[in-house]
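The values are calculated or read from the model by the stated rules, or taken from the named source; none is laboratory data. Owing to the predicted nature of the structure, the values given are computational and were not obtained by experimental measurement. Positions of Cβ are backbone-derived with ideal geometry, glycine not excepted, and every protein chain shown enters the neighbour counts. Accessible surface is based on the protein model in full, side chains and every heavy atom, while ligands, DNA and RNA are left aside. Shrake-Rupley method; radii C 1.70, N 1.55, O 1.52, S 1.80 Å.
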Amino acid sequence: MKAALLGYGTIGKGVEILAKQVPGLEIKNVFVLPEFENLPYFTNNGHQVVTDPEIDIVFECLSGTEPANTLITEALKAGKHVITSNKAVVSPNLSRYVKLAKENGGSIQVEAAVAGGIPFLDALLKFSLLEDLNGYEGIFNGTSNYILDKMQKEGTDYAAALAEAQKKGYAEYDPANDVEGWDVFYKANISNALAYKSYDPEIRNPLGISKLNTSDIKKAKSEDRIIRHIAKSVQKDGKFDTIVAPVFLNKEDYLANIPSNYNAQLIYAPSFDKIGYFGQGAGRFATAQAMLANAIDTLNDTEREIVLDKNLEYDPTLIREDWIVRSKADLSDMENIVNVETLDENEKYYFFRDRNSELIEQVQAKDPEAMIALWR
């Protein structure tokens with residue numbers, strides 16, 4: 001089969017290298033943006049590339065939503081097998097892509113869009129064939145995990161840990177997508193669709209890690225806890241709920257022990273209780289390997305079809321947890337407070353028991369800068 005490669009950045013170059021190891025797969029063209037030189041192998045004409053009758057597979061490795069969305073749409077309308085690592089474009093468009101693929105004889109595969117080289121989405125597709133999954137939770141962003149791990153192991157403050165992550169190439173110059181939780185938000189939307197065979201993009205906005213400080217790290221250590229940034233999702237009785245937030249985890253917890261920029265996930269199901277995954281959630285070859293695994297499935301006609309044939313209701317009250325909030329506002333009139341600790345005359349820790357995520361809006365209405373996290 002002949003393939004086209006959209007994008008020639010870190011992931012695109014990795015796909016190009018690994019594709020040479022796959023018998024029967026040849027990359028014919030690489031679409032690059034106009035500022036790159038136009039050569040026979042490279043082209044600035046994305047439409048021509050994705051509609052070329054000789055092309056069977058389209059690897060999409062662009063960043064952002066355009067021209068990625070337009071080119072994916074055109075490729076699917078042309079009956080191509082599209083393999084993408086772009087969670088930002090997949091998250092709001094997955095159900096439409098699945099419909100286009102079915103209508104035009106192609107396919108859409110998104111393994112590389114979530115958890116990099118970890119076969120997490122493949123596991124969701126596989127396990128959900130047998131039974132309704134109870135949910136999943138995990139660490140899905142290596143940048144945030146690196147920052148939190150460094151803060152806790154070395155006592156580094158948030159700004160210094162972020163700077164080190166940027167220096168190592170784990171964090172972008174503008175790190176908001178990672179540290180404010182939007183990267184995980186996109187990945188949770190995609191994971192929900194595959195886990196529950198349903199698509200609803202309207203989950204609650206994420207809580208990131210940028211409001212955590214050294215006081216929070218000290219508090220976690222004093223209570224034998226470790227802070228990690230996770231996505232947690234549950235399914236029950238035709239409804240689902242998802243939270244993306246920092247969590248003060250018991251130090252014995254599986255997710256508490258994930259170091260540096262690694263990712264890890266747990267999947268919950270009635271038949272096996274839980275099963276765990278660990279590995280590199282990003283990077284050139286980890287992500288490219290996931291894309292080439294999808295391509296081999298296409299070559300062998302063994303693709304796992306994405307089926308979105310259910311209509312689950314999003315219910316933000318399903319997940320009930322204990323919470324810790326650090327705030328300069330007076331929150332004493334709120335429900336289910338079980339303890340209050342004074343840091344100084346202006347700031348306190350508030351501990352809440354058995355609250356759903358509606359607590360977030362209630363706290364933020366009083367103090368938009370409050371640190372809000374789950375407490376386990």
ask   = Which number in (1) closer than 22 Å to residue 218 by Cα; (2) touching a helix residue (DSSP H, G or I) at 6+ places or on another chain (Cβ under 8 Å) marks the one condition that residue 328 misses?
value = (2)
key: Residues that are assigned to a loop (DSSP other than H, G, I, E, B) and either farther than 21 Å from residue 311 by Cα or open to solvent by 60 Å² or more (accessible area, probe 1.4 Å) (or both), drawn from region 235-257   = 237, 251, 252, 253
key: Residue pairs meeting the criteria (Cβ under 6 Å; at least 6 apart or on separate chains; first closer than 18 Å to residue 290 by Cβ and among the charged types (D, E, K, R), in region 86-105; second at pLDDT 95 or above and crowded, with 21+ Cβ neighbours inside 10 Å)   = 87/113; 87/186; 87/187
inquiry  = Return the residues of region 76-100 that are over 23 Å from the mean Cα position of the chain (by Cα) and surrounded by fewer than 24 Cβ atoms within 10 Å (Cβ to Cβ); say none if nothing qualifies.
reply    = 77, 78, 79, 100
query = Taking the condition open to solvent by 60 Å² or more (accessible area, probe 1.4 Å), of a type in the set (A, V, I, L, M, F, W, C) and modelled with pLDDT of 95 or more, does residue 278 pass?
reply = yes
query = Taking residue 260 and the conditions (1) within 24 Å of residue 116 (Cβ to Cβ); (2) crowded, with 23+ Cβ neighbours inside 10 Å; (3) in contact with a helix residue (DSSP H, G or I) (Cβ under 8 Å, 6 or more places away or on another chain); (4) not β-branched (Val, Ile, Thr), which numbered condition does it fall short on, given that it satisfies the others?
reply = (2)
Within region 344-376, tally of residues that are in a strand (DSSP E or B), at pLDDT 95 or above and surrounded by fewer than 17 Cβ atoms within 10 Å (Cβ to Cβ) = 4
ask   = Is one or more of the residues making up region 297-320 open to solvent by less than 70 Å² (accessible area, probe 1.4 Å), assigned to a strand (DSSP E or B) and either free of Cβ contacts under 8 Å to residues at least 40 places away in the same chain or in contact with a Cys (Cβ under 6 Å, 6 or more places away or on another chain) (or both)?
value = no
note = A careful count of residues in region 179-216 that are assigned to a helix (DSSP H, G or I) and open to solvent by 10 Å² or more (accessible area, probe 1.4 Å) gives 6
task = Could you give me the residue pairs with C-beta distances under 7 Å whose first residue belongs to region 118-144 and is touching a residue at least 40 places away in the same chain (Cβ under 8 Å) and over 18 Å from residue 186 (Cα atoms), whose second residue is open to solvent by 10 Å² or more (accessible area, probe 1.4 Å) and assigned to a helix (DSSP H, G or I) wherever it lies, and which are 6+ apart or on separate chains?
result = 133/127
query = For region 273-284, how many residues meet the condition of being within 21 Å of residue 242 (Cα to Cα) and either of a type in the set (S, T, N, Q) or without any contact (Cβ under 8 Å) to a residue 12 or more places away in the chain (or both)?
reply = 2
